[in-house]
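One structure is given below, encoded as structure tokens.
The values are calculated or read from the model by the stated rules, or taken from the named source; none is laboratory data. Source: prediction; values computed, not measured. Note that we place each Cβ from the backbone using ideal geometry, even for glycine, and neighbour counts take in every protein chain shown. Only protein heavy atoms, including side chains, enter the accessible area calculation; ligands, DNA and RNA are left aside. Shrake-Rupley method; radii C 1.70, N 1.55, O 1.52, S 1.80 Å.
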Amino acid sequence: MRSAPARTGSAPATGGRTILPEAFTLRGIVLAGVVLVALVVLIPTGRAYVEQTTELRELRNELSAATQTRDDLQVELDRWSDDAYVVAQARERLSFVLPGERSYRVLDPDTVVDTRNPETGQAVGTGAVESGFSEDVAWYESLAGSVTIAGEAGARASEDNG
């Protein structure tokens, strides 16, 4: 058995190799290089994954909102396919009446300023006011007549005030 040569002095025997501190070994440097390359490759890939996942979540939310809107519009379209719904909407929105029916409009008492019928000059009671138009008159003629009556009543009211 040979014993290890005794080291004396401050300079170790190198045998022609470069000496690194013990913290930096060749394996450690190679491992650090591999980890660095892995990080350079994986960080952009991970960022892209997170961005695409977020975008996918947003698109799914938009899709569900669009699907809900489509379903609501389909229900509305199905309602308009029903003749009873169309008639009800025409009555409610446009004040249409069926032939043979009579339409009454309830006025707010605060908006009615005249206490006399503009056509007859008689005092208006608490009941319905007769328009003086017969049912044989077309609706547009009745409308034109009511506009004329309203204009005359407004002119008289401004003359009385002025």
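Which is surrounded by 10 or more Cβ atoms within 10 Å (Cβ to Cβ) and modelled with pLDDT of 80 or more, of 87, 129? Step through it out loud before you land on a result.
Numbers: 129 fails: modelled with pLDDT of 80 or more.
Result: 87 is the single residue among 87, 129 that is surrounded by 10 or more Cβ atoms within 10 Å (Cβ to Cβ) and modelled with pLDDT of 80 or more.
Just give me the residues in segment 47-103 being part of a loop (DSSP other than H, G, I, E, B) and among the basic types (Lys, Arg), in sequence order.
Taking segment 47-103 first, the residues part of a loop (DSSP other than H, G, I, E, B) are 81-82, 95-103.
102 - this is the single residue of segment 47-103 that is part of a loop (DSSP other than H, G, I, E, B) and among the basic types (Lys, Arg).
Sort out which residues of segment 132-148 are within 18 Å of residue 97 (Cβ to Cβ) and either assigned to a loop (DSSP other than H, G, I, E, B) or at pLDDT below 70 (or both), and write them in order of number. Write out each step before concluding.
We begin by selecting, within segment 132-148, every residue within 18 Å of residue 97 (Cβ to Cβ); these are 133-143, 146.
Across segment 132-148, the qualifying residues are 133, 134, 135, 136, 137, 138.
Identify all residues within segment 90-100 that are open to solvent by 80 Å² or more (accessible area, probe 1.4 Å) and not aliphatic (A, V, I, L, M); write none if there are none.
First, pick out the residues of segment 90-100 that are open to solvent by 80 Å² or more (accessible area, probe 1.4 Å): 91-94, 96, 98-100.
Once the filter is applied, which keeps residues that are open to solvent by 80 Å² or more (accessible area, probe 1.4 Å) and not aliphatic (A, V, I, L, M), segment 90-100 yields 91, 92, 93, 96, 99, 100.
Any residue at all in segment 8-22 that is of a type in the set (Lys, Arg) and at pLDDT below 70?
If we filter segment 8-22 for residues that are of a type in the set (Lys, Arg), which is where we start, we get 17.
Then keep just the ones that are at pLDDT below 70; that gives 17.
Checking segment 8-22: at least one residue is of a type in the set (Lys, Arg) and at pLDDT below 70.
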